[in-house]
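Inspection log for the structure reproduced underneath, given as structure tokens.
The values are calculated or read from the model by the stated rules, or taken from the named source; none is laboratory data. Keep in mind the model is a prediction, meaning the values are calculated, not measured. With ideal geometry, Cβ positions are generated from the backbone for all residues, glycine too; neighbour counts draw on all protein chains shown. Areas reflect the complete protein model, heavy atoms only, side chains present, ligands, DNA and RNA absent. Shrake-Rupley method; radii C 1.70, N 1.55, O 1.52, S 1.80 Å.
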Amino acid sequence: MDPILQLTDNGLYCPAGDFYVDPWLPVDRAVITHAHADHAYPGSRAYLTARPGETLLRARVGGEAKIQALDYGEPVSLNGLRVSLHPAGHILGSAQVRIESGGEVWVVSGDYKLEPDPTCAAFEPVACDTFVTESTFGLPIYRWPPEAEVFADIQAWWTANQEAGKASMLFAYSLGKAQRVLAGLAGAAPIYTHGAVENFCRLYREAGIALAPTTHATSAPAATDWSRALILAPPSANGTPWMRRFGPISTGFVSGWMRIRGARRRRSLDRGFVLSDHADWPGLMSAIRLSGATRVWVTHGYRAPVAQWLKQQGLDAVAIETHFENEQDETGAEPAEAEP
């Protein structure tokens, strides 16, 4: 029997169903795991996505795009194949794609994490024969601290900066990470945002996700005391003229990459906070084990080391190519982000 999916120049393709999962270029039908720029490419004729992420996908690919949205677990037939979407726990609306044909099941995980997150539906294991997993943080050194500790550290850094008379500039990816930070800082104030962050915060709030109150930084009064403020901005804002308005600042970055010594220094940051919307090494291994899959395709990140480890555990594992190797700072992909 031919495999349900095959790797092509446009990414993962299902010949029997005639659709792509997270294609790299425009196609006739795209099944999208989530609305990050490295998974949702504009220009396709039709899209299928999970309902909670529909507005995010529309913001990404354009308001006139033809988008079909499914509830989690709701099946649809694509050329006779049964396809359904299941929570991935990555960002709002993120999904794993379950494809069933002739009694065989494949699951494309997209990006995922197993830790609970109030801004999106929790990851749900989906039993399958073949599991296509990401490996963004696929090395044993990547192990995340408890989320509560990270938010306590952010609060302590912010307080220390206030006492020193400095604004706190916290860089976080504009879609997903920034909203997770705001959910973790509920009740804190004052918090200001770069326009790219604020645009997605609005969509999250419209979806019913509770976030700490924010003010678009360019809308703040001229007399604003920035030394009291936490300012959330995408990493692409670091070092730009936009930052000058805030006076003396201390800079921090929220990312899984902060787990590596030297990552903060290379980015000329004052602080790094380890918080990721991707699974760490234990999370990856748990998700693969919970899938029950005997065959694993490894993509997006440390593909070769993960595939080699899985082979040593007795699984049929292979590293497959992708156009994107690491967690993306997706700020450069959104026209809205030119507006601070």
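List of remarks:
- Highest average first, the peptides 209-216, 190-197, 264-271 ordered by how many other beta carbon atoms sit within 10 Å of their residues are 190-197, 209-216, 264-271.
- Dividing the summed helix terms, -39500 (n - 2.57) for each DSSP H run of n ≥ 4, by the number of residues in the chain produces a 222 nm estimate of -6000 deg cm²/dmol to the nearest 500.
- Rule-of-thumb Rg ratio for region 1-117 [Cα; 2.2 N^0.38 Å; N residues]: 0.97
- Calculated FRET efficiency for the pair Arg202/Asn79, C-beta based, R₀ 41 Å, to 0.05: 0.65
- Where N is the number of residues in the chain, Cα Rg divided by 2.2 N^0.38 Å: 1.00
- Rounded D (µm²/s) - region 123-207, Kirkwood Rh over Cα pairs, Stokes-Einstein at 37 °C, 0.692 mPa s: 208 µm²/s
- Percent of alpha-carbon pairs separated by more than 17 Å within region 1-43: 23 percent
- Here the simple spin-label model places points 7 Å from the Cα toward Cβ, and for Ala148 and Asn10 these points are separated by 4.9 nm.
- Loop-located GluC sites (Glu not before Pro) in region 54-137 whose Cβ has at most 14 other Cβ within 10 Å (DSSP): Glu64
- Accessible area per residue, Å², the chain with all protein chains present, probe 1.4 Å: 41 Å²
- Taking the Cα atoms of region 60-149, the ratio Rg/Rh between the radius of gyration and the Kirkwood radius comes to 1.02.
- Length-normalised contact order of region 164-252 in % [C-alpha pairs under 8 Å, at least 6 apart]: 50 percent
- Size of charge dipole - the chain - debye, nearest 20, with Cβ of Lys, Arg +1 and Asp, Glu -1, no other charges: 900 debye
- With Cα atoms as the point set, region 158-223 shows a radius of gyration and Dmax of 12.1, 37 Å.
- Carbon plus sulfur fraction of accessible area for region 1-138, probe 1.4 Å, in percent: 48 percent
- The modelled label-to-label distance for the pair Asp28/Glu124, using points 7 Å beyond Cα in the direction of Cβ, is 3.0 nm.
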